[in-house]
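Read the structure below first, then the notes.
The values are calculated or read from the model by the stated rules, or taken from the named source; none is laboratory data. Keep in mind it's a predicted model, so treat the numbers as computed, not measured. Methodologically, a virtual Cβ is constructed for each residue, glycine included, from the backbone with ideal geometry; neighbour enumeration extends over all protein chains shown. Keep in mind that these areas ignore ligands, DNA and RNA; they rest on the heavy atoms of the full protein, side chains included. Shrake-Rupley method; radii C 1.70, N 1.55, O 1.52, S 1.80 Å.
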Amino acid sequence: MRYLPTFTETRDTSHIGEEIHALASEIYPLCRSITGSGVRTTLASLSRHIDLNVRAVPTGTQVFDWQVPKEWTIRDAFIKNSAGERVVDFRRSNLHVLNYSMPVHVQLPLSELKQHIFTLPDQPDLIPYRTSYYQERWGFCMAHRDLEALPDGIYEAVIDSSLEDGHLNYGEFLHAGASPKEFLLSAHICHPSLANDNCSGLALLTTVAKRLSSLKTRYSYRVLFAPGTIGAIAWLSSHEADVGRIEHGLVVSCVGDGGGPTYKRSRQGNAMIDRAMGHLLKHDWPAATIVDFSPYGYDERQFCSPGFNLPVGLLQRSQFGTFPEYHTSADNLDFIRPEHLASSYALVMKAIDIVENNRRPVNLLPKCEPQLGRRGLFSTFGGDPDGPAKSMALLWVLNLADGDNDLLGIAERAGMPFGIIAQAAARLHEKELITYPDED
Amino acid sequence: MRYLPTFTETRDTSHIGEEIHALASEIYPLCRSITGSGVRTTLASLSRHIDLNVRAVPTGTQVFDWQVPKEWTIRDAFIKNSAGERVVDFRRSNLHVLNYSMPVHVQLPLSELKQHIFTLPDQPDLIPYRTSYYQERWGFCMAHRDLEALPDGIYEAVIDSSLEDGHLNYGEFLHAGASPKEFLLSAHICHPSLANDNCSGLALLTTVAKRLSSLKTRYSYRVLFAPGTIGAIAWLSSHEADVGRIEHGLVVSCVGDGGGPTYKRSRQGNAMIDRAMGHLLKHDWPAATIVDFSPYGYDERQFCSPGFNLPVGLLQRSQFGTFPEYHTSADNLDFIRPEHLASSYALVMKAIDIVENNRRPVNLLPKCEPQLGRRGLFSTFGGDPDGPAKSMALLWVLNLADGDNDLLGIAERAGMPFGIIAQAAARLHEKELITYPDED
Amino acid sequence: MRYLPTFTETRDTSHIGEEIHALASEIYPLCRSITGSGVRTTLASLSRHIDLNVRAVPTGTQVFDWQVPKEWTIRDAFIKNSAGERVVDFRRSNLHVLNYSMPVHVQLPLSELKQHIFTLPDQPDLIPYRTSYYQERWGFCMAHRDLEALPDGIYEAVIDSSLEDGHLNYGEFLHAGASPKEFLLSAHICHPSLANDNCSGLALLTTVAKRLSSLKTRYSYRVLFAPGTIGAIAWLSSHEADVGRIEHGLVVSCVGDGGGPTYKRSRQGNAMIDRAMGHLLKHDWPAATIVDFSPYGYDERQFCSPGFNLPVGLLQRSQFGTFPEYHTSADNLDFIRPEHLASSYALVMKAIDIVENNRRPVNLLPKCEPQLGRRGLFSTFGGDPDGPAKSMALLWVLNLADGDNDLLGIAERAGMPFGIIAQAAARLHEKELITYPDED
């Protein structure tokens, strides 16, 4: 049984980039943090497209070594000059407030206020993104050029926020496949108006989930939208018994820009998802970069902690931290492009396609080659130099179908794209020349 | 016991290239196919040089997934123009007839006749070689330039052939060594007048077999001359119980041109024959190419099918399919040269030499170095910077003679030719410093 | 428990190069051979700095395949011309006599005398170093230019030496650590006035031993000063029961010149000492060379013979045999420099430091990351692009602390120097986030 047909064969995806971009645009303005209404509103927005379960974990819940923090509510934040004008205004950009900032209302000379202001002197026109989750602080972020233009004097700084007992929220989409074994897809949902670095992943995986809803699959799929670090930890803490079902996983982030793609291997290093991504990138993306696992990044850090060691990799276009727009106001809706979102989407679907269709075939006539010609599988004109190329995929599958090699491994040995090998295997299976002992 | 002395040390081979070429010339004119008198006449010709057993498998015999096909007899074939002149004539080149063609006698306008004529538009002066074994067809092959020169009109096409029950033939040479374990050498015997692509291999292996007849060897040797694919399958089908004895194997083809050498590894990839060929080519042939196993080629396809997975590699000079003379009338007796046949022969004999002499030595004084000086194995002048080089082979053998390494592995680790290491081992064995637990 | 603090952190070593050079200068003039008073006087000299046990093995003792040879005493050696002038004089350089030469007193024409004279025609101003241990010979070594300047005539050649029953001597320093497991350090003590090729190693390891005396260590240390080949064989012969305790080893030679460093791996190839040296050289010495084990060199030949196969590597600066001063009178006290001796010393101490501190940590909170921030181990400002770099070492240790990886392996995976990783591990250990099951 072959579940999911190769994505590119079966569907017009020309508008998919626009769809993903529209969805990212819808959630971009919301001021997310690790807790608070921003996350809930975002999840509500995504719920209009897929059947999403929104979970709530109360403040103070112990999740492994951590405690779920208070819920942050931000209503307004500004700095007013002596003329009463808002020179920094949360309403214009939610990056202006130090994310998770405690409330404050003070009047201060500029020199003292500066100790609470973050800028990027090397990128003087951009507002930086900064957070302070686990130590109570207050602060503002602004363009360095704007800060320099402020005259000395007394300023009024107001952050109208609160930190109170409440909940941490995350959303889960579940798609049941033939098997309870799972493929985990995860994107973080804790950054405010940063388009590539969280909206792109959220929008892309929502679109993947929507597509999966209409498909019969071998694996079950779990799509997770959780606040970075604490959200993943909270999820793992309450799903410890389930993680053994996860056979493949992909964290997705920064998938809307034109760089990369960059694939970071799972801690295992040679899991099937690592092999699948390596295969796809080698064949389709000459500029792709594959990097070994390292313990810094997105939530693969938690999934790949030594106590779990799940086969979860990270897919990005440009690598976080390496592009100038990263964690600044320049990571906006112009920075992510429909065409890049579309190709990132195709890459994820192709990875799913490989995982779904990767089997371990066994040749039913393993002694010598079977006679392909009389089964219509082979050119019957000998001596034609083009003949073999057409049949190589068949010969590779037959020769390596010894139960040790899976189709992905055969594709790698043959130097051919997985789809060609999978197609050849399908023809051989139809002619009863190979079998799949694991399921036939 | 050391069986076969290093080939190059023991024999004048200056005329061997001429001998092989003469033998190839003798069998070149015969019109071989997968069945028929061409194969039998060729085997008879080779039988004048070695003790060859000619086997016959009846038409219709089931051999694994295949049936032995009918025997093809070809008496004449031509195309006559309206003036009664033979414009295509089998008597001038046996490539002119589609090999294994069914009989035909028709009068046709040129335009219709063309559907049965194969040419090479990119090599307009050459006659291509084409076959149609498993679908009944008739056809001619000719130079494209000649076809273009034919005026329109009615032509008479005659193929005086028959396809009738008969036999498939192959020849086997057996040389008994001290052990029933076998080294299989195989060449295909199914192409008509193609000099490199079948005559060279047949002539070379006949010469190897002749040489082996005069030697005491450790291994038994089986030299097989069988029609490609169906012949190898027929042989495997009737020798299934014996193939477990095959410890090394080499398919030999296209060994008369000046390219390569090209060695294709066995499916196992690291069998002793693979290591031996890799070693020889690295040391002696800087332009050699070593390629991994792939399931297209000569009869290594059958020997390396997953149900057998024999340690059989393929030796060629230029790779089949890559040289312009391949499967054309330009693959003639001028294309193969005595000097290339001689060096190909030397390469095969050196591979045999390695396999014969490769042992797993064990140091009898493994604690510290033995005192080589008093055994006359070492320069007794210390401090001489040239001293060690002379003795390095001795030191390498002693150091690695732990039962885990064979002499070929030691040669690889030492970066020295096998012969030097084998010689050092012989000196150490003579002095009772090493032993071979497997046989002493 | 962490035994030996990183060498470079804890001690002013600015004068160490001068100290080592002074010690090398003290022993340089002595005429050592494989036996005799030169070795004893040298050991006595070293004994003034460390607690050295001097052992004596009688002539004729069977040591594996060898017998301890006679003791060589050299009192004087010269060649006098007809005018009675010493044209070659042992008193000016002890290289002038063929080392271990039998006594002689002859008058010979120059032409006959030349058969007993060694020179270096390509380095005409240098006296070569030559020995004849296991065959009784007499001879002189001299500068080729001086030989050519000698007029024909009768010369008087005198070597006032004796070869009599006596002893072979070696020195052993032992430093007891917490464990009986040993780190073996070895230098040869058999060359006469060659500064790099024996004095440098002897002086350096004496200084290492002196330093170890003042330290509490995990491993026990054995420093061995033995005549090349026969001395190591004699030691192994009488310590066969003890060698199982040797877990790491380093032969040290030619460590005073400015080349290399060159590290030759142990026969095992991936022993901890091999990994440690590879790590250090990669990080600190871009010009370093690492070579695989080969069975020629210094006493690693004996330690790595197949019957022992100890994890013993060889550290040199320039490789023996490759520098023009090697085995000539140019290998003198000017050729070795305090700064090179100091950096070689630092390299040995750093290798010891790695071996001492290399553990296999286990993460006590392996599920997800522990919260480093509240333990003061992590920047609490999120979004700061420099934050992670500071904490990467902590994250690497935590992630790979699964009991399979040692700290050295973690450093290699992280691409960080061992010291940084060891420091991070110490902080995590202090906070009870990791443990060392092997000893805590």
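Assorted remarks:
- Ligands, DNA and RNA left out, the accessible area of the stretch B:279-321 computed with a 1.4 Å probe is 46% carbon and sulfur.
- Summary for A:E148: label point 7 Å along Cα→Cβ; distances to the equivalent points in the other copies, ascending, 7.4, 7.4 nm.
- Closest Cβ on chain B to the rotation axis that carries it onto A (distance rounded to whole Å): B:N270, 12
- J(HN,Hα) series, the stretch A:174-185, from Karplus relation 6.51 cos²θ - 1.76 cosθ + 1.60, nearest Hz, glycine and proline x: 10, 10, 7, x, 5, 10, x, 5, 10, 10, 9, 10
- Among C:A24, C:A203, C:A401, the residue with the largest mean-square fluctuation in a Gaussian network model of chain C, with springs joining Cα atoms closer than 10 Å, is C:A401.
- Pairs of Cα atoms nearer than 8 Å and 6+ residues apart set the relative contact order; for the stretch B:126-209 it is 18 percent.
- Heavy-atom accessible area, 1.4 Å probe, ligands and nucleic acids excluded: residues of the stretch B:36-74 down by at least 20 Å² from chain alone: B:F64, B:D65, B:W66
- Among B:D299, B:D257, B:D146, the largest mean-square fluctuation in a Gaussian network model of chain B, built with springs joining Cα atoms closer than 10 Å, belongs to B:D146.
- The residues neighbouring C:P124, those whose beta-carbon lies less than 14 Å from its own, together hold a net charge of -3 under the Lys/Arg +1, Asp/Glu -1 convention.
- Residues whose amide H falls under 5 Å from that of A:L98, counting only those 5 or more places apart or on a different chain, are A:G139, A:F140, A:C141, with hydrogens built in the peptide plane.
- Filtered trypsin sites (Lys or Arg not before Pro), the stretch C:395-440: DSSP coil and at most 11 other beta carbons within 10 Å: none
- Database remark: amide H of B:F293 closer than 5 angstrom to the amide H of B:R265 (H placed geometrically; neighbours at sequence offset of 5 or more, or on other chains; Pro and chain starts carry no H).
- Under the Karplus curve 6.51 cos²θ - 1.76 cosθ + 1.60, θ = phi - 60°, whole-Hz ³J(HN,Hα) for the stretch A:266-275, x wherever Gly or Pro sits: 5, 4, 4, x, 9, 5, 4, 5, 5, 5
- Restricting the stretch C:47-106 to trypsin sites (Lys or Arg not before Pro) that sit in a DSSP loop and have at most 14 other Cβ atoms within 10 Å of their own Cβ leaves C:R48, C:R91, C:R92.
- Amide H contacts under 5 Å for B:A77: B:F90, B:R91, B:D160, restricted to partners 5 or more places along the chain or on a different chain, H placed in the peptide plane at 1.01 Å from N.
- Antiparallel content of DSSP bridges confined to the stretch B:58-165, in %, to 5: 90 percent
- Considering only chain B, percent of DSSP beta bridges that pair antiparallel, nearest 5: 65 percent
- For residues of A:361-370, the mean tally of beta carbons on other chains within 10 Å: 6
- Label-to-label distances for A:E164 across copies, nearest first, come out at 10.5, 10.5 nm, using points 7 Å from Cα in the beta-carbon direction.
- In units of the rule-of-thumb radius 2.2 N^0.38 Å, the stretch A:61-173 shows an alpha carbon radius of gyration of 1.18.
- Positive-end ranking of A:S253, A:W235, A:A271 along the dipole of the stretch A:228-279, with charges on Cβ about the Cα centre, is headed by A:A271.
- Here the Karplus relation 6.51 cos²θ - 1.76 cosθ + 1.60, evaluated at θ = phi - 60°, turns the backbone of the stretch C:63-70 into coupling constants of 10, 6, 7, 10, 10, 4, x, 5 Hz, with x for every Gly and Pro.
- Exposed loop sites, defined as GluC sites (Glu not before Pro) outside DSSP H, G, I, E and B with at most 14 other Cβ atoms within 10 Å, are absent from the longest region of chain B, namely B:241-431.
- Heavy-atom surface of the stretch C:82-233, accessible at 1.4 Å and reported per residue (Å²): 36 Å²
- When B:P437 is represented by a point 7 angstrom out along its Cα-to-C-beta vector, the spacings to that point in the other copies are 3.4, 3.4 nm, nearest first.
- Where the Cα pairs of the stretch B:146-220 fall when distances are cut into 5 Å bins, in %: 3, 10, 14, 14, 12, 11, 9, 7, 6, 4, 4, 3, 2, 0
- The interface between chain B and chain A buries about 2400 Å² of solvent-accessible area in total (1.4 Å probe, ligands and nucleic acids excluded).
- Mean separation of Cα contacts under 8 Å, 6 or more apart, over the residue count of chain A: relative contact order %: 18 percent
- Qualifying lysines (Cα of each under 16 Å from Cα of C:K114; at least 8 residues distant if same chain): C:K80
- Relative to the Cα centre, the charge distribution of the protein assembly as shown, modelled as +1 at Lys and Arg Cβ and -1 at Asp and Glu Cβ, gives a dipole magnitude of about 1440 debye.
- Considering the protein assembly as shown at the alpha-carbon level, its Rg and Dmax are found to be 40.3, 116 Å.
- Antiparallel %, DSSP beta bridges [both residues in the protein assembly as shown], to 5: 65 percent
- When the pairs B:K282/B:K431; C:K210/C:K350; C:K181/C:K216; B:K181/B:K350 are compared against a 26 Å limit on Cα-Cα distance, B:K282/B:K431 fall above it.
- If R0 equals 51 Å, the separation of the Cβ atoms of A:E18 and A:A241 corresponds to a calculated FRET efficiency of about 0.80.
- Cα centroid of the stretch A:103-150 to Cα centroid of the stretch B:247-310, whole Å: 69 Å
- Over the protein assembly as shown, DSSP H runs of length four or greater, each weighted -39,500 (n - 2.57), average out per residue to a 222 nm ellipticity of -9000 deg cm²/dmol.
- Across C:D76, C:D334, C:D152, mean-square fluctuation computed from a Gaussian network of chain C (C-alpha pairs under 10 Å connected) peaks at C:D152.
- Percentage relative contact order, the stretch A:256-324, counting C-alpha pairs under 8 Å, at least six apart: 50 percent
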